[in-house]
Amino acid sequence: MKFTDLNVQGGIGANCSLCEIGPFKFVIDSGLHPKFAGSESLPKHEEIERFSLDFIILTHCHLDHLGSLPLLSRQQPDAPVILSYASSILARRMLSNSISVMKRQRTELNIPELPYYGRGDLTSLYDRFKTPPLHTPYRLEKNGEHIELTLHHAGHVAGAVSVSIKYKGNITFFTGDILFNDQRTLDGANLPKEPVDILVTETTRGSTEIPRNQSRESEIVRMLKTIHSTLAKQGSVLIPVFALGRMQEMLAILDEAFRKKAIPKVPVFCSGLGMDLVNHFHEISKNTNRVRFNRKVLRAIGARPLPKKIEPGRRPPMEGIFLVSSGMMVEKTPSYVLASGLLGESKNSILFVGYCDPSTPGGKLLEASRGDTFDFDALDVLQKIEAKVSKFDLSGHANRDELTAYAKKISPRAVILHHGDPEARDWFKQNLENEPFSIYDPEPLKTYDI
Ligand SMILES: [Zn+2]
Ligand SMILES: [Zn+2]
């Protein structure tokens with residue numbers, strides 16, 4: 001296989017991998033970098049222009065995998081886009097939201113080339129969607145040869161798939177973003193156990209060591225205790241979340257906690273995209289028993305949309321639990337603006353429940369200490385850190401030990417490290433170096449013949 005990582009910035013960023021197996025040329029994912037706007041946020045699509053792709057695979061609908069797919073698909077009008085049925089539903093809502101965000105950035109950040117795509121591009125993209133059933137080989141032919149793709153349930157988020165590609169008896173396996181554990185709203189990954197030739201593995205949590213007694217359930221209990229003590233002080237709780245997946249999981253956890261009286265009933269405020277996606281999750285759950293979500297949860301917990309009048313640096317006009325995006329508290333998002341008003345009072349809490357890139361405001365806040373001054377640069381607000389700031393390990397990504405155990409089980413000839421910061425990849429390199437396979441940590445834009 002020839003493999004080129006087109007995520008120019010490295011790390012996690014704008015996922016996009018160009019692969020060649022036999023006569024077949026294809027791309028897996030085409031994302032937008034969550035930390036950047038404009039051209040810096042795009043993968044290097046120029047590298048693909050000289051090819052005519054045979055197909056494109058989308059692993060799941062987080063924007064770091066999906067956000068620039070309409071652009072790539074416009075350049076490659078003959079390439080079918082292969083994805084799960086659930087992703088085909090979620091992609092529509094995520095992409096139309098992405099157009100609105102880019103239109104806003106066009107004026108706010110003065111980037112005239114935004115938005116990169118419009119409604120017309122989305123319609124042509126949807127016409128190219130192919131949604132083979134999971135765990136069933138899907139055959140494509142070219143020049144008298146054939147290749148077989150199989151999508152596997154990957155946990156992580158509704159619709160997420162790992163992909164195995166079989167050509168002349170050899171299997172290349174791409175984990176995509178993956179979670180082995182079950183969540184309240186989603187079953188864990190269900191992956192093949194047969195040996196593979198090449199493994200392309202995500203490495204998101206390579207630098208995260210899990211304490212021995214810690215589990216997902218113990219983290220949920222610890223989080224509910226923090227919420228309880230904050231509410232007892234008449235404080236508010238901000239939980240920054242990704243609108244897709246984490247928001248619905250947290251709604252299910254809060255619903256259960258209210259019903260079991262683990263925390264007192266208070267208003268829950270949610271941002272709009274996450275509430276819309278609730279309806280999509282409801283629809284998807286009717287078609288698969290791997291996704292469990294009922295839109296009645298919103299009514300049961302009395303969730304309401306976030307009021308428009310939230311002023312930077314000011315205490316919000318209401319108290320309660322704020323379940324809003326973005327998960328990494330990226331500048332100007334609702335979680336960033338709310339944090340600027342909540343951080344200065346010791347009765348409040350800001351609770352992180354997912355991955356935070358260290359260079360985002362969320363990552364920086366986690367590194368800071370109580371009493372420090374935090375600069376909400378994009379809002380011109382300085383705030384002394386008085387609120388409780390904590391992180392809970394409810395990640396949508398597999399632990400590093402689970403991933404290395406899986407790699408050993410399927411005994412590949414080569415392992416390609418993917419979707420992780422440099423320190424995270426280093427851990428994998430060190431911990432797999434004595435295994436009987438070669439390890440590649442590909443430099444962006446360099447083609448590896450593996
Ligand atoms: Zn993801
Ligand atoms: Zn990702």
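Numbers at a glance
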{"quantity": "Residue selected from segment 228-248 under the condition open to solvent by 10 Å² or more (accessible area, probe 1.4 Å) and assigned to a helix (DSSP H, G or I), by the criterion nearest to GLY354 (Cα to Cα)", "calculated": "ARG246"}
{"quantity": "Residue tally, condition in contact with a strand residue (DSSP E or B) (Cβ under 8 Å, 6 or more places away or on another chain) and in a loop (DSSP other than H, G, I, E, B), over segment 180-194", "calculated": "7"}
{"quantity": "Cβ-Cβ under 6 Å pairs, at least 6 apart or on other chains, segment 161-180 side within 21 Å of GLY206 (Cβ to Cβ) and in the same structural domain as PRO132 (by TED's automatic domain parsing), far side more than 16 Å from ligand 1 (Cβ to nearest atom) and open to solvent by 20 Å² or more (accessible area, probe 1.4 Å)", "calculated": "PHE180/GLU402"}
{"quantity": "Any chance LYS25 is assigned by TED's automatic domain parsing to the domain that holds ASN170, open to solvent by 10 Å² or more (accessible area, probe 1.4 Å) and under 28 Å from ARG205 (Cα atoms)", "calculated": "no"}
{"quantity": "Every residue from segment 195-227 that is in a helix (DSSP H, G or I) and not hydroxyl-bearing (Ser, Thr, Tyr)", "calculated": "ARG216, GLU217, GLU219, ILE220, VAL221, ARG222, MET223, LEU224, LYS225, ILE227"}
{"quantity": "Boolean, ARG139 is open to solvent by 30 Å² or more (accessible area, probe 1.4 Å), in a helix (DSSP H, G or I) and of a type in the set (D, E, K, R)", "calculated": "no"}
{"quantity": "Subset of segment 252-287 (residues that are surrounded by 17 or more Cβ atoms within 10 Å (Cβ to Cβ) and of a type in the set (S, T, N, Q))", "calculated": "SER271, SER285"}
{"quantity": "Positions within segment 405-421 being more than 16 Å from ligand 1 (Cβ to nearest atom) and either at pLDDT 95 or above or among the acidic types (Asp, Glu) (or both), in sequence order", "calculated": "ALA405, TYR406, ALA407, LYS408, LYS409, ILE410, PRO412, ARG413, ALA414, VAL415, ILE416, LEU417"}
{"quantity": "Criterion (more than 16 Å from ligand 1 (Cβ to nearest atom), surrounded by fewer than 19 Cβ atoms within 10 Å (Cβ to Cβ), touching a residue at least 60 places away in the same chain (Cβ under 8 Å) and of a type in the set (D, E, K, R)) met by exactly one of GLU402, GLU386", "calculated": "GLU402"}
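The values are calculated or read from the model by the stated rules, or taken from the named source; none is laboratory data. Quick caveat: nothing in here was measured; it's all calculated off a predicted structure. FYI the Cβ positions are ideal-geometry reconstructions off the backbone, even for glycines, and counts take in every protein chain you see. Heads up: the accessible areas ignore ligands, DNA and RNA and are worked out on the full protein's heavy atoms, side chains in. Shrake-Rupley method; radii C 1.70, N 1.55, O 1.52, S 1.80 Å.
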